Amino acid sequence: MPLKDILSLRLYTRVAHLGSFSAAARESGLTQSQVSRMIAELEAGLGVRLLSRTTRSVAPTEAGLEFLARMEPILAALDDAENSVRETGELRGVLRISMPSTMGIRVIIPRLSAFTERHPLLHLELMLEDQRKDMVKGAVDIGIRVGALPDLPGTARLIGTMQRVIVASPTYLARHGTPLVPGDLSGHRIVGGPVGAHAAGWQFQRDGQSVSVDPGPQFSTNDTAGAVAAASGGLGIVSTTSWACRLELESGALVQLLPDWKMAELPVHAYFPHGRTTRLAARVFADFLVEQLVE
């Protein structure tokens, strides 16, 4: 395949994801007219319109989405092939990573500088999303997921664990009292969030004793940061990860409850939607996270 055609394919994927010819042009060092012309030539060669263009937006057509899903793994394989024969062994291309927003903002992004310094030619594209989406259609190379993984067609690797804690604000505890044993939670207001949403309730262990409580939430949200904010604002007690509320615990905005009672740790997986054809860069990123996810 001529190098010009490969460049056109790469430009198409960037326009499709960025939703902008000008943004893709800035990223590639080309002019907007050059990018537009090359993609128009690509569409003419294929005999199909890949992008829907309006004065306000650019988005893939249905055919464009199908082409994108099939083409990006091929381009990723080309990146890997180039990386494997370079004497420097430097990783190049775009690595697309999906992860929960709170984990990304509070845990992973603050630690990424070490990774980018090791691989300065690799462009990281992070998608912070709490709703699980089709990662193959989204051309995701690696997804970071907390908790049990559903049955998925790709492959997964356990890269760490996160401790669960029960926390509340000093203001809430001053008004409603402090629970001393798990059974006391049934008399308190509970904030429900993604980590705390378990059908089996909250499980506690101490000295070989196991206790399960199922406190129904009076306030709930599908966002971990929102649940932590609600607890900090005095709305009730929340179960979350120690990473998600570390800043609030350090500042005193939240207080850990029942510290002598342990909750089951949550597994953290790196999920590779493309299975055995996973890119080298995705595997290297997973190795990096193994180093970082140590509390």
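List of remarks:
- Subset tally (residues that are basic (Lys, Arg) and either within 19 Å of Ala69 (Cα to Cα) or over 30 Å from the mean Cα position of the chain (by Cα) (or both)) for the stretch 1-56: 5
- Residues of the stretch 53-86 satisfying the condition of being outside any helix (DSSP H, G or I), hydroxyl-bearing (Ser, Thr, Tyr) and modelled with pLDDT under 90: Thr54, Thr55, Ser57
- Residue count, the stretch 256-281 (criterion: crowded, with 16+ Cβ neighbours inside 10 Å, in a loop (DSSP other than H, G, I, E, B) and out of contact with any helix residue (DSSP H, G or I) (no Cβ under 7 Å at 6 or more places or on another chain)): 3
- Flag if Val284 is part of a strand (DSSP E or B) and either surrounded by fewer than 17 Cβ atoms within 10 Å (Cβ to Cβ) or of a type in the set (A, V, I, L, M, F, W, C) (or both): no
- Sole exception among (1) closer than 24 Å to Ile109 by Cα; (2) surrounded by fewer than 21 Cβ atoms within 10 Å (Cβ to Cβ); (3) hydroxyl-bearing (Ser, Thr, Tyr); (4) touching a residue at least 60 places away in the same chain (Cβ under 8 Å) for Thr221, by number: (4)
The rows are residues; the columns are (1) in contact (Cβ under 8 Å) with a residue 24 or more places away in the chain; (2) β-branched (Val, Ile, Thr).
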{"residue": "Gly201", "(1), (2)": "no, no"}
{"residue": "Gly234", "(1), (2)": "yes, no"}
{"residue": "Val238", "(1), (2)": "yes, yes"}
{"residue": "Leu247", "(1), (2)": "yes, no"}
{"residue": "His269", "(1), (2)": "yes, no"}
{"residue": "Thr277", "(1), (2)": "yes, yes"}
{"residue": "Leu280", "(1), (2)": "yes, no"}
{"residue": "Ala286", "(1), (2)": "yes, no"}
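- Flag if Val290 is surrounded by fewer than 21 Cβ atoms within 10 Å (Cβ to Cβ), in contact (Cβ under 8 Å) with a residue 12 or more places away in the chain and touching a Pro at 6+ places or on another chain (Cβ under 7 Å): no
- Any hit, the stretch 147-166, residues being without any contact (Cβ under 8 Å) to a residue 40 or more places away in the chain and within 28 Å of the chain's Cα centre (by Cα): yes
The values are calculated or read from the model by the stated rules, or taken from the named source; none is laboratory data. This is a predicted model, so every value here is computed, not measured. All Cβ positions, glycine included, derive from the backbone under ideal geometry; neighbour counts span all protein chains shown.
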